[in-house]
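> Let me give you the structure first, and then I'll get to my questions.
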Amino acid sequence: MSQHLQVIEQVEDTLWACDLNLNLTYLSPLTEKNSAYSVEDRKQLDITKILTPASIRTIRALLEKYASTISPLEEPGIPIRCRVDIYHRDGSTYPAEASISFILNDKGMLTSI
């Protein structure tokens with residue numbers, strides 16, 4: 001696992017994971033550089049304080065569309081890409097490309113993205 005953490009820490013993208021209700025469960029340290037929020041502060045925020053309403057609608061629509069096509073016996077497949085707008089601590093927004101992967105539990109059930 002430590003090798004994975006070393007790779008994650010060197011990535012120039014902000015990596016995050018969230019449950020199916022879009023509550024953050026993981027956030028990489030680079031969020032501090034991009035948003036001016038600490039990881040802990042950002043994780044405490046509701047998704048409506050992180051993504052613009054249009055971005056939330058986009059992600060929820062993709063989740064609804066593609067999550068139902070995942071079979072418990074197959075791999076989740078290629079990540080889905082979309083553009084989102086993220087709030088900076090100062091209230092401005094910045095664009096980002098989201099690459100959404102579906103995360104399955106050991107029983108093959110979708111648990112997070």
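The values are calculated or read from the model by the stated rules, or taken from the named source; none is laboratory data. All figures in this text were calculated on a predicted structure; none of them were measured in a lab. Neighbour counts are summed over all protein chains in view; Cβ atoms, including those assigned to glycine, are modelled from backbone coordinates with ideal geometry.
> If you go through segment 88-100, how many residues are among the small types (Gly, Ala, Ser) and either surrounded by 13 or more Cβ atoms within 10 Å (Cβ to Cβ) or in contact with a helix residue (DSSP H, G or I) (Cβ under 9 Å, 6 or more places away or on another chain) (or both)?
Here the count works out to 2.
> If you scan segment 95-113, which residues turn out to be modelled with pLDDT under 90 and not in a loop (DSSP other than H, G, I, E, B)?
Ala96, Glu97, Ala98, Ser99, Ile100, Ile103, Leu104, Leu110, Thr111, Ser112
> Take the residues in segment 33-48 that are within 15 Å of the chain's Cα centre (by Cα) and assigned to a helix (DSSP H, G or I); name whichever of them is farthest from Leu15 (Cα to Cα).
Among residues in segment 33-48 that are within 15 Å of the chain's Cα centre (by Cα) and assigned to a helix (DSSP H, G or I), the one farthest from Leu15 (Cα to Cα) is Thr48.
> Has segment 30-41 got any residue that is in contact with a Lys or Arg (Cβ under 9 Å, 6 or more places away or on another chain) and at pLDDT 85 or above?
Yes: one or more hits.
> Looking only at segment 82-113, filter to residues that are aromatic (Phe, Trp, Tyr) and in contact (Cβ under 8 Å) with a residue 40 or more places away in the chain; which one of those is nearest to Glu32 (Cα to Cα)?
It comes out as Tyr87.
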